[in-house]
Amino acid sequence: MVLFQGIALRGLFIIDKEGVIQHSTINNLVIGRSVDETLRTPQAFQYVQEKPDEVCPAGWKPGEKSMKPDPKLSKEYFASI
């Protein structure tokens, strides 16, 4: 909130089934938001819940290659893109 002006900033919070905040974003009024990123983020959380030995790199979309959370194996991922 912008104090003394009565303006609320825009925010997004993704809360898991246990009530834990897994992701939060708060944008200033002059910063636009991406609907694609808003949709992609919960899809990535769902993917890693189903495949806990993998992580989703930045910009990942459903159907794309994910990577392993390991320095050596992640090098393989980055070498392939």
| message | Quick check: pseudo-label points 7 Å beyond the Cα along Cα→Cβ at LYS61 and ALA8, how many nm apart are they? | response | 3.2
| task | Consider just the alpha-carbon atoms of segment 23-66 and return their Rg together with their Dmax, both in angstrom. | result | 12.1, 38
| note | Full extension between VAL48 and THR25 adds, at 0.36 nm per residue less the Cα distance, a length in nm of 6.3 nm
| message | Please give the charge dipole size of segment 1-41, origin at the Cα centre, charges +1 on K and R Cβ atoms and -1 on D and E Cβ atoms. Round to the nearest 20 debye. | response | 120
| query | Angle, helix 71-80 long axis vs. longest principal axis of the chain, Cα atoms, 0 to 90°, nearest 10? | reply | 90
| said: Of ILE26, ILE15, THR41, which is farthest towards the positive pole of the chain's charge dipole, taken about the Cα centre with +1 and -1 on the beta-carbons of Lys, Arg and Asp, Glu respectively? | reply: ILE26
| Given the chain, what count of lysine pairs have C-alpha atoms under 23 Å apart, with each pair 8 or more places apart or on different chains? | 10
| said: Could you compute how fast the chain diffuses translationally, taking Rh as the Kirkwood radius over C-alpha pairs and applying Stokes-Einstein at 20 °C with viscosity 1.002 mPa s? Give it in µm² per second. | reply: 143
| request: Any chance you could give the angle, 0 to 90 degrees and rounded to 10, that helix 35-50 forms with the longest Cα principal axis of the chain? | output: 50
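Any read-out appearing in this document is the output of simple, stated calculations on the displayed coordinates, not a laboratory observation. Bear in mind that the values here come from a model prediction, so they are computed numbers and not experimental data. Using ideal geometry, Cβ is built from the backbone for each residue, glycine included, and neighbour counts are taken over all protein chains shown.
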